[in-house]
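Data block below; observations after.
The values are calculated or read from the model by the stated rules, or taken from the named source; none is laboratory data. Since the structure is predicted, the reported quantities are computational estimates derived from the model, not experimental observations. Counting neighbours? That spans all protein chains shown, and the Cβs are built from the backbone with ideal geometry, glycine included. For accessibility, only protein heavy atoms count, side chains too; no ligands or nucleic acids. Shrake-Rupley method; radii C 1.70, N 1.55, O 1.52, S 1.80 Å.
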Protein chains: 2
Amino acid sequence: MKAIMNHRSIRKYKTNRIDDAILNEILLAGTRASNTGNMQVYSIVVTTDAEIKKQLAPCHFNQAMVTQAPVVLTFCADFNRFSKWCEQRKATPGYDNFLSFTTAAIDALLAAQNVCIAAEDKGLGICYLGTTTYTAAKIIEVLGLPKGVVPITTAVVGYPETIPELTDRLPLEAVVHREVYHDYSPDDINRLYAEKEAMPSTKQLLEENKKETLAQIFTDNRYTKKDNVAFSKAFLKVLHDQGFMNNEE
Amino acid sequence: MKAIMNHRSIRKYKTNRIDDAILNEILLAGTRASNTGNMQVYSIVVTTDAEIKKQLAPCHFNQAMVTQAPVVLTFCADFNRFSKWCEQRKATPGYDNFLSFTTAAIDALLAAQNVCIAAEDKGLGICYLGTTTYTAAKIIEVLGLPKGVVPITTAVVGYPETIPELTDRLPLEAVVHREVYHDYSPDDINRLYAEKEAMPSTKQLLEENKKETLAQIFTDNRYTKKDNVAFSKAFLKVLHDQGFMNNEE
């Protein structure tokens, strides 16, 4: 609980490596996560080699922490292992479809969060890299992921160099709906975003980016429609190429 | 760490309700999860009302725990709130595409796992319901989810009536790859699945289902190609209907 409530994304790491016993312990924590039908349709690629991390860096827009952190964990939806097992056991796997990708991605993400919480519980710091779905094709190439395997998220892990302040969150009522979904009125939106918009860091961002509203920094700079559309096409192509889009019998 | 390593899926619950303070604490733990650009593009629908749980039950194949457990949590990918905020702030949201769905689903799943671990840390039991993606259209109807919102997983939460044994997992080396992906040889598959296949429960399952191999129970009974294809089509239609498949500029 303490690890969960104290989570910060760590972006600067000490050079200290992670002891193998500790690394195995946090990976084992990943395998205790709930998963679909106990099929465990995910894989975790543990990259520590400087040369391979260097190849991964551009997949994550050359953020320094990819080469700086001692360990890069790439969490993958993986029906390759399970399907191979089926084929060796006189069973015909039917997992080359979008539902199976979704299932495997869910498994991978629950395992990822277990690994990250376990790491933080051991005094390590982590940072998720959302770039994974943007550049999945290149990651597949660098890590040699076969058909049936798609990277869904990445976390860097290591000992924190500096520990930042806890970041803000929307009030709980912004994300929680009681009984059924209650859609947001304009007043709700104003109230729920008021604290975030009033933060000194927001004022600073607006000045730096010469924008009128914080929302514009997201739509115009950080997460643009143009990028989202390009990444959507690329990621759907990856699902197709990795054999997860055979949605006909 | 203890909560993570002791996780069991709980399928039988006491009738005791969950105290509001405890429920809020575990939901708050959900909001501390890493999320994309601190946009928090997820929602959690907390259902405790007996009548609404009854409506949700068929969405989860009428598993008794949906009506029995005091709380049903439906975790949703949600770009509705964020897009409404953008529109009210002179910003044009570009989040009606597949990449944005993927981003929001990742956010929802990391939050879900935080909630579940926090619940277990408080002595509660949980069980994920993979049926959520199979019957998403019906869940959308029951919970009144607007465009931009897609349910991705569900967890029932309550006080365990009985605590089952820890379930088996594949050996760590089955899911962990060092540096890059190492594909599985036939010998690898035999070795990695040997323990699972030798379990007394496996022998019992084979007899009950009159099957030659455990893999056949998965491919022929539990997760069939026919179901997967039907659910793939249905879930892609949900993504389309909820406004996440506009992948052209």
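Numbers for the structure displayed
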quantity: Tabulated pairs, region A:228-248, first closer than 17 Å to residue A:59 by Cα, second open to solvent by 10 Å² or more (accessible area, probe 1.4 Å) and among the small types (Gly, Ala, Ser), C-beta under 8 angstrom, 6+ apart or interchain; calculated: A:234/A:137; A:237/A:137; A:238/A:137
quantity: Answer from A:138, A:147, A:203 - the residue that is closer than 28 Å to residue A:112 by Cα, among the basic types (Lys, Arg) and assigned to a helix (DSSP H, G or I); calculated: A:138
quantity: Filtered residues of region B:112-125 (kept if under 19 Å from residue A:107 (Cβ atoms) and more than 11 Å from the chain's Cα centre (by Cα)); calculated: B:114, B:115, B:117, B:120
quantity: Residue list for region A:219-249, restricted to those being open to solvent by 70 Å² or more (accessible area, probe 1.4 Å) and within 15 Å of residue B:102 (Cα to Cα); calculated: A:225, A:233, A:237
quantity: Selected residue (criterion: nearest to residue B:71 (Cα to Cα)) from residues of region B:128-166 that are aromatic (Phe, Trp, Tyr) and at the interface with another protein chain (Cβ under 8 Å from one of its Cβ atoms); calculated: B:128
quantity: Region B:179-202, residues that are in contact with a Lys or Arg (Cβ under 7 Å, 6 or more places away or on another chain) and of a type in the set (A, V, I, L, M); calculated: B:189
quantity: Residue that is most open to solvent (accessible area, probe 1.4 Å), among those in region B:208-218 that are of a type in the set (S, T, N, Q) and not in a loop (DSSP other than H, G, I, E, B); calculated: B:209
quantity: Flag if residue B:169 is open to solvent by 20 Å² or more (accessible area, probe 1.4 Å), facing chain A (nearest Cβ under 7 Å) and not aromatic (Phe, Trp, Tyr); calculated: yes
quantity: Residue check for residue A:50: open to solvent by 10 Å² or more (accessible area, probe 1.4 Å), modelled with pLDDT of 95 or more and of a type in the set (Gly, Ala, Ser); calculated: yes
quantity: Residue in region B:178-185 that is open to solvent by 50 Å² or more (accessible area, probe 1.4 Å), in contact (Cβ under 8 Å) with a residue 40 or more places away in the chain, more than 7 Å from chain A (Cβ to nearest Cβ) and not charged (D, E, K, R) present; calculated: no
quantity: Residue match in region B:67-85 (condition: open to solvent by 10 Å² or more (accessible area, probe 1.4 Å), more than 10 Å from chain A (Cβ to nearest Cβ) and out of contact with any Gly (no Cβ under 6 Å at 6 or more places or on another chain)); calculated: yes
quantity: Total residues in region A:126-159, condition polar (S, T, N, Q) and more than 14 Å from the chain's Cα centre (by Cα); calculated: 0
